[in-house]
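Trainee: Please see the structure below; I have some questions.
The values are calculated or read from the model by the stated rules, or taken from the named source; none is laboratory data. This is a predicted model, so every value here is computed, not measured. Cβ placement follows ideal geometry from the backbone for every residue including glycine, while neighbour counts extend to all protein chains displayed. Ligands, DNA and RNA are stripped out before the accessible areas are found, and what is left, the full protein with its side chains, is counted by its heavy atoms. Shrake-Rupley method; radii C 1.70, N 1.55, O 1.52, S 1.80 Å.
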Amino acid sequence: MFAPVCGLLLCCCVLFAFVVVLVHRHNDKTHICRTTGVDLDLTLLGKLINFLGSLYFRVTGKHLLRLNVKKMCDARNVEKELELLTSEWGSPSPMISADVQALTKREKLYYEQFDALINHPAGMWSPVGRIFLYATFSEQMENRRKIFQHARDQPAVLQGKGIDGRNRLLIIAGLHRSGTSLLQNLLCLDPRSRTTRTWEMMQTIPPSKNVEETMNGSRAHKLDASFDKIDLFCRKWRENFHKVHYFTAQGPEEDVIVLFDMFVIWYYSYFLHDLAPELNGMLMERKDVICRFLHLYLKVMESGYKPESHWVLKNPDSCHYLPELLDEFPEANVIVSHRHPNSVVPSWANMMLQCLHVRLYNDFSKWFPQCDVMKPANWGRACMAQSSAEAKHLLQARDEIRASSPEKEERILDISYSALTSDPIQVVREIYEHFGYEFTDEYHSLLRDYMAANPKGKHGKVSYSLDDYNLSQDIIAEEFSAYIAKYSKFF
């Protein structure tokens, strides 16, 4: 009896080892992440998860891990959140006294659509990617819950005027890859300013009590160390991504990180438009909630400590909702950075392929229905569509603001990417002079030190072109004709 059992176990072990070897050696060199993206292989663990998840889908036609967004966003909790967002606090927001029932219904429909997209058989995420999404969504919902609970438990948090009063809010907008990250890094060096930082948007509660905790607290260090665990699935991913976008838990980052808590993910609606054509329009309808939640987040952060001078926010997605943003923050100052779309589009396409590599790359993706965006030409078109929409919404927003609120238009300053990269300190000085901030000797010294310590290409360089995505300058010129005509002097 013992010998047959041992023999069976040995056969199983040999079979398992054989499968492991086959999985480890299998590489899909035709995958967009390898041909056009960062070209990093996954670890054996990543490959095994993708193999098992892909095999399960091939056999059952279902994802091994279903992401239940509808359950995460329970309608009763959403209604309570909206009651808080529509209550009277901060600036005279358009959200105050809005119809909570109507908003709840709208939010429910959005989450249903989002749920259907995220679980679509032809979605772009690999089995490893779905694990990442599950972990990320769960963490975001917990952070969201804590933000709202903190505001309920401490009503004093929402008392007082909006955070934009008295020249206290500086917003950076502009197309993705137009220099907005560099500008945020420079502007937040002013010791009297405060900006949105990665860890404070991911682990908001309790709010940081001082600058020392923000920059050197244990939560920040632990979160930053956790980012390196991505090496379990793809070695050197973070190191490679730093070539296109350097990020740390303590570092400045765009406020999209905290807006993810509300499932505000604009690129989904462009990359997967064929699977969920209504999603973009539904996102546009949520612009009021997006801006109001951002205000709530800033109010909660200020319950820890306030900047001596002003906040610095950055989010290229705000091109979609600039008028609504200025309705929520009527006294905000806005900087709009401009760069030629010939550079913006391929840079954005390249960055997103690198950013999403671990979530997308799957050597067994052919076992799933083909996702249209996972071809270089379609990926490029999707990124162009997103950048084009940002440009068109920005043009419309400026016309609308100029016509209805000329005083707000005076609070908007256009800058050039080329000027920013060639003489960044001078551009910052001009921004401070325009908006009336004090440009101190201490800040000037910090800017000089930062530029000396962070030369262009410090973390490595990547190459990209329109040709990589079957695009051309003629296509770009036609797609962005109005934007180019309006802002060419800034290119």
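Trainee: Points 7 angstrom from Cα along the Cβ direction at residue 246 and residue 96: gap in nanometres?
Mentor: Label-label distance for residue 246 and residue 96, simple model: 4.3 nm.
Trainee: So between residue 146 and residue 458, what do we pick up on full extension, going 0.36 nm a residue minus the alpha carbon distance?
Mentor: Value of the extension gain: 108.6 nm.
Trainee: Starting from the eigenvalues of the Cα gyration tensor, five times each then square-rooted, give me the equivalent ellipsoid semi-axes of the chain, largest first, whole Å.
Mentor: Working: eigenvalues 305, 144, 111 Å².
Those come to 39, 27, 24 Å.
Trainee: Can you compute 3J(HN,Hα) from phi for each residue in the range 104-116, using the Karplus curve 6.51 cos²θ - 1.76 cosθ + 1.60 with θ = phi - 60°, rounded to whole Hz and x for Gly and Pro?
Mentor: Whole-Hz 3J(HN,Hα) from phi for the range 104-116: 4, 4, 5, 5, 4, 4, 5, 5, 5, 5, 5, 4, 5.
Trainee: Follow-up. Which of 287/375; 243/489; 146/222; 47/375; 161/222 have a Cα-Cα distance over 27 Å?
Mentor: Violating the 27 Å Cα-Cα cut-off are 287/375; 243/489; 161/222.
Trainee: Between residue 45 and residue 413, what FRET efficiency comes out of the Förster formula 1/(1 + (r/R0)^6) with R0 = 60 Å and r the beta carbon distance, rounded to 0.05?
Mentor: 0.80
Trainee: Next up: Output the antiparallel fraction of DSSP beta bridges having both residues in the chain, as a percent to the nearest 5.
Mentor: Just about 5 percent of them are antiparallel.
Trainee: Mind jotting down the distance between the C-alpha centroids of the range 189-214 and the range 80-95, whole Å?
Mentor: For the range 80-95 versus the range 189-214, the Cα centre distance is 24 Å.
Trainee: Report, by chain and number, residues whose modeled amide H sits under 5 Å from the one on residue 171, excluding near sequence neighbours (fewer than 5 apart, same chain).
Mentor: Counting only residues 5 or more places away or on other chains, the set is 313, 333, 334, 335.
Trainee: Taking Cα atoms, how many degrees apart are the long axis of helix 75-85 and the longest axis of the chain, rounded to 10 and kept between 0 and 90?
Mentor: For helix 75-85, the angle is close to 20 degrees.
Trainee: Relative to the longest principal Cα axis of the chain, at what angle does helix 341-355 sit, 0 to 90 degrees, rounded to 10?
Mentor: Roughly 50 degrees, rounded to the nearest 10.
Trainee: Using a 1.4 angstrom probe on the protein heavy atoms only, line up 292, 152, 166 by accessible area, largest first. Provide the component values of the computation, followed by the final result.
Mentor: Working: 292 0, 152 90, 166 160 Å².
Solvent-accessible surface, decreasing: 166, 152, 292.
Trainee: Along the range 32-37, what does the Karplus equation 6.51 cos²θ - 1.76 cosθ + 1.60 (θ = phi - 60°) give for ³J(HN,Hα), rounded to whole Hz, x for Gly and Pro?
Mentor: 4, 5, 9, 7, 10, x
Trainee: Taking amide H atoms as placed 1.01 Å from N in the peptide plane, list the residues 5 or more away in sequence, or in a different chain, whose amide H sits under 5 Å from that of residue 195.
Mentor: Under 5 Å from the amide H of residue 195: 312.
Trainee: Moving to a separate point now. What is the local net charge at residue 34, summed over the other residues whose Cβ is closer than 11 Å to its Cβ (Lys, Arg +1; Asp, Glu -1)?
Mentor: -3
Trainee: Under a crude label model (7 Å from the Cα following the beta-carbon direction), how far is residue 228 from residue 80 in nanometres?
Mentor: With each label placed 7 Å out from Cα toward Cβ, I get 3.9 nm.
Trainee: Relative to the present Cα-Cα distance, how much length would full extension add between residue 402 and residue 474 at 0.36 nm per residue of separation? Write down the numbers at each step before the final one.
Mentor: Values: separation 72, 0.36 × 72 = 25.92 nm, distance 3.06 nm.
Roughly 22.9 nm would be gained on extension.
Trainee: Cβ under 13 Å from residue 448's Cβ, residue 448 left aside: what net charge do those residues give with Lys, Arg +1 and Asp, Glu -1?
Mentor: Result for the local shell: -3.
Trainee: In sequence order, what are the phi-derived ³J(HN,Hα) couplings for the range 306-318 according to the Karplus relation 6.51 cos²θ - 1.76 cosθ + 1.60 with θ = phi - 60°, rounded to whole Hz, with x for glycine and proline?
Mentor: Each residue's phi maps through the Karplus curve to give 9, x, 5, 10, 7, 8, 10, 10, 9, 6, x, 4, 5 Hz.
Trainee: On a 0 to 90° scale, report how tilted helix 376-404 is relative to the longest principal axis of the chain, with both axes built from alpha carbons and the result rounded to the nearest 10.
Mentor: With both axes taken from Cα atoms, the answer is about 20 degrees.
Trainee: Taking the simple approach of a point 7 Å from Cα along Cα-to-Cβ for both residue 28 and residue 306, what is their distance in nm?
Mentor: That separation, rounded to one decimal, is 5.4 nm.
Trainee: So which lysines can residue 486 reach, going by Cα to Cα under 23 Å and dropping same-chain residues fewer than 8 places off?
Mentor: 314, 392, 408
Trainee: From the protein chains alone at 1.4 Å, what is the descending order of accessible area for 275, 360, largest first?
Mentor: 275, 360
Trainee: Residue 481 to residue 159: extension gain in nm, 0.36 nm per residue of separation minus the Cα-Cα distance?
Mentor: 111.3 nm
Trainee: When the helices in the chain are scored as -39500 (n - 2.57) per DSSP H run of 4 or longer and the sum is shared across all residues, what 222 nm value do you end up with, to the nearest 500 deg cm²/dmol? Please report the intermediate quantities before stating the final value.
Mentor: Numbers: 26 runs with 277 residues, N = 491.
That calculation yields -17000 deg cm²/dmol at 222 nm.
Trainee: Same structure again: Between residue 87 and residue 60, what is the FRET efficiency for a Förster distance of 41 Å, r being their Cβ-Cβ separation, to the nearest 0.05?
Mentor: Efficiency, from the Cβ-Cβ distance: 0.30.
Trainee: Would you tally the net charge around residue 418, using a Cβ to Cβ cut-off of less than 15 Å, leaving residue 418 out, and scoring K and R as +1, D and E as -1?
Mentor: +1
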